[in-house]
Every structure is written in structure tokens, then in C-alpha cells.
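Note sheet for the following structure.
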Amino acid sequence: MANIIDGKAVSARVKEEIAKETASVKAKYGINIGLAVVIVGDDPASRIYVNNKKKACETVGFASYEYALGADITQEELLQLIDKLNKDDSVNGILVQLPLPKHLDEKAVINSISPEKDVDAFHPVNVGKIMIGEYSFLPCTPAGIMELIASTGVEIKGKECVVVGRSNIVGKPMSMLLLHQSGTVTICHSKTQDLADHCRKADILVVAVGVPKLVTGDMIKEGAVVIDVGMNRLENGKLCGDVDFDSAKEKASFITPVPGGVGPMTIAMLMKNTLTAAKIKHGIE
Ligand code: GUN
């Protein structure tokens, strides 16, 4: 029976450390730290995420500035707002909640955010830095997963690491971070021929595909660390991950639950990136 990795507890600990450091930076240098959160339209899931991000800012002692824009805003108006935020000294981080309405060019919007304020680490400059291991910001979900793996005490070096999913936001950067820690990394995806065979070799298995219960207990190596990034809504209204938790927990040594595993870490790492952005701006070590 696996140990359950408590993402809420790890996230609370990270936020507590950030709050302490924020207070000390404020006292020592007299600076305030601010995150601008841009939301376009009225997608209910995006509204919940944005509210949670604002709440986390309050918890750690940052100012948050919300820009709630109508779904009919033009590309030009949105780019003008980002340009203004790029130049605003009270804004250390800029987050544009995705997805954007279809008429807006998401890529162009991400590219318009100053890399120094790109606390999502989605800008190509930051993505490139991750590739060569010289980064200021890590994308929030993979960074949070690295914290969760660290919390288990399991070393990554030399381990077979399998990442299921190749998205730009999770799968690809996740693979790089595991590689930087000297894991032997395999990336699986929808065209992988024998997913179960790859998964069974994993000492550390990260699943991020958005397919409910894709990975089952028989696909898991005895004693593996299993990280489930999935957040799927079933027909009965319940949330479930990409891993079949009940069968997987019988094989894994550590496993994340859904909800309460990876999810809470993402916002904690967003706070960490915002603090980092402020420290870099003010030349604080
Ligand atoms: N929408 C869903 N997840 C995210 C995220 O991590 N960042 C942004 N900006 N939008 C999202």
C-alpha cells in the first residue's frame, strides 16, 4: 500500500517559506511584490483558477492586480494592456489565464509578455533556457512535481523515469527537469506502441495526458513513485486523474491523489516564480 503524497501540505509549506522570504525582502529593501492576472471572458474554470491565484497572493503577502476583460476584446487591445504591464514597475509577474477565446492569438499574446515577468515560463526565451538548464523560472506544474518527488526522499539520479504526455506545459519541460537531475527519461504519447510496457519499467512515473484512469495498477512497477497530473471530470461529476488510483496504490511506494496532489503545487510555484522575478529585478540574491 502506497504512501499518499499530500500536495496540500507540501504546497502550504512552500507558501509559508515564500511568505517569510517576502516579509524579509519587504522589510530589508522596502519593496512590494505584485502579480498581474489577466482573464478574458467568463470561463468558469478559469475564474476559479484566477480566484485561487489571487488568494495565494494574499497568503504570501503579494499585491495582485486583476484585469478581467470581456470576451470581445481585440488582439490589439490585449497586446496594449500587456505592453502597459511590461512597463509597470509595480508588476513583477504577468499571468494571462489560458485558454483565451478563439479569436485571440494565444502564441502572440504569450510572446508579448516580457520574459522577465513571464512567471508561467511559457515564453520561448524561458522555454529555451529550460532546455539548456540555465533558467530563472520553471513552468509551475513541472516545478511543483519536482518538489513533490523531493518530498518523498526518493533520488532521481540514475532512475528510470517515464513521462506520459508531451505537452509544452507539462510533458516536455517535465522530461527536461528529470533529465537535469540525471534520470533516464522516456517520453510516451498517443502514438507510443506499448504504453504498458514502458510504464512497467518506470521507477518514477508522471502521467499528464487528460485521459481518465489511463494507467492502471498492472502497468506499474512494484515500489514506483507515481505522479498523476490528470484532472478529469467524470459523468457523475466526480474528479479523477489519469491514473486508476485504487489499483495503482497497491503497487506504488508513493502516489499523488486527485484532487490534492499536483494541483495545489502549481499555484505555490507561481508564487515562487513571482518572488524570483522581483528578486532578480532588484538584484537580490
Ligand atoms: N490554464 C490552465 N493552467 C494554466 C496555467 O498554468 N497558466 C495559465 N496562464 N493558464 C492556465
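The values are calculated or read from the model by the stated rules, or taken from the named source; none is laboratory data. This is a predicted model, so every value here is computed, not measured. As a convention, Cβ positions derive from the backbone with ideal geometry for all residues, glycine included, and neighbour counts pool all protein chains shown. Protein only, heavy atoms only, side chains kept; ligands, DNA and RNA dropped before computing areas. Shrake-Rupley method; radii C 1.70, N 1.55, O 1.52, S 1.80 Å.
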Query - Cα convex hull of region 1-152, projected area averaged across orientations, nm² - result: 10.7
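Relative contact order for region 23-131: what is it in percent, counting Cα pairs under 8 Å that are at least 6 residues apart? Intermediate values should be presented prior to the final figure.
Values: 137 pairs, mean separation 32.4, N = 109.
Worked out over region 23-131, it gives 30 percent.
Using alpha-carbon pairs under 8 Å, 6+ residues apart, how would you state the relative contact order of the chain in percent?
Working: 550 pairs, mean separation 63.7, N = 285.
In percent, rounded to a whole number, it is 22.
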Report summary line: Quick numbers on region 65-141, Rg and Dmax over C-alpha atoms in Å, give 12.8, 39
Query raised in the report: For the chain, what is the percent of antiparallel DSSP beta bridges, rounded to the nearest 5?
Result: 5
Query raised in the report: Over the Cα atoms of region 156-285, Rg to Rh with Kirkwood Rh, two decimal places?
Result: 1.03
Report summary line: Measure of exposure for residue 282: accessible area at 1.4 Å probe, Å² rounded to 10, is 80
Query raised in the report: Considering only 239, 10, 68, whose Cα is most displaced toward the positive end of the charge dipole of the chain, charges sitting on Cβ of Lys, Arg (+1) and Asp, Glu (-1)?
Result: 10
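Could you give the semi-axes, largest first, of the ellipsoid that matches the chain, computed as the square roots of 5 times the alpha carbon gyration tensor eigenvalues and rounded to whole Å? Walk me through the numbers on the way to the answer.
Numbers: eigenvalues 211, 91, 63 Å².
Calculated on Cα positions only, the semi-axes equal 32, 21, 18 Å.
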Requested in this report: Sort all Cα-Cα distances of region 93-174 into consecutive 10 angstrom bins from zero, then give the percent of pairs in each bin up to the one containing the longest distance.
Outcome: 16, 44, 29, 10, 1
Query raised in the report: Leaving out same-chain residues fewer than 8 places away, which aspartates and glutamates sit with a Cα under 12 Å from that of residue 117?
Result: 83, 88, 89
Query raised in the report: Which whole-Hz ³J(HN,Hα) couplings does region 89-100 yield from phi under the Karplus relation 6.51 cos²θ - 1.76 cosθ + 1.60, θ = phi - 60°, glycine and proline marked x?
Result: 5, 7, 9, 8, x, 10, 10, 9, 5, 9, x, 8
Report summary line: One finds, for residue 281 and residue 250 with R0 = 51 angstrom and r their Cβ-Cβ distance, a FRET efficiency to the nearest 0.05 of 0.55
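Run the helix sum for the chain: -39,500 (n - 2.57) per DSSP H stretch of 4+ residues, divided by residue count, reported at 222 nm to the nearest 500 deg cm²/dmol.
When only DSSP H runs of four or more count, the value is -13000 deg cm²/dmol.
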Report task. Compute the accessible area per residue over the chain, keeping the other protein chains in place, probe 1.4 Å, unit Å². Result -> 48
Query raised in the report: Taking the Cα-to-Cβ direction at residue 102 and at residue 4 and moving 7 Å from each Cα, how far apart do the two end points lie in nm?
Result: 4.1
Report summary line: For the chain, the accessible surface attributable to carbon and sulfur atoms (probe 1.4 angstrom, ligands and nucleic acids excluded) amounts in percent to 52
Report task. Once every Cα of region 166-231 carries one equal point scatterer and solvent is ignored, give the base-10 log of I(q)/I(0) from the Debye formula at q = 0.21, 0.23, 0.30 Å⁻¹, two decimals. Result -> -0.91, -1.11, -1.66
Query raised in the report: What accessible surface, in Å², does a 1.4 Å probe find on residue 176, ignoring ligands, DNA and RNA and rounding to the nearest 10?
Result: 40
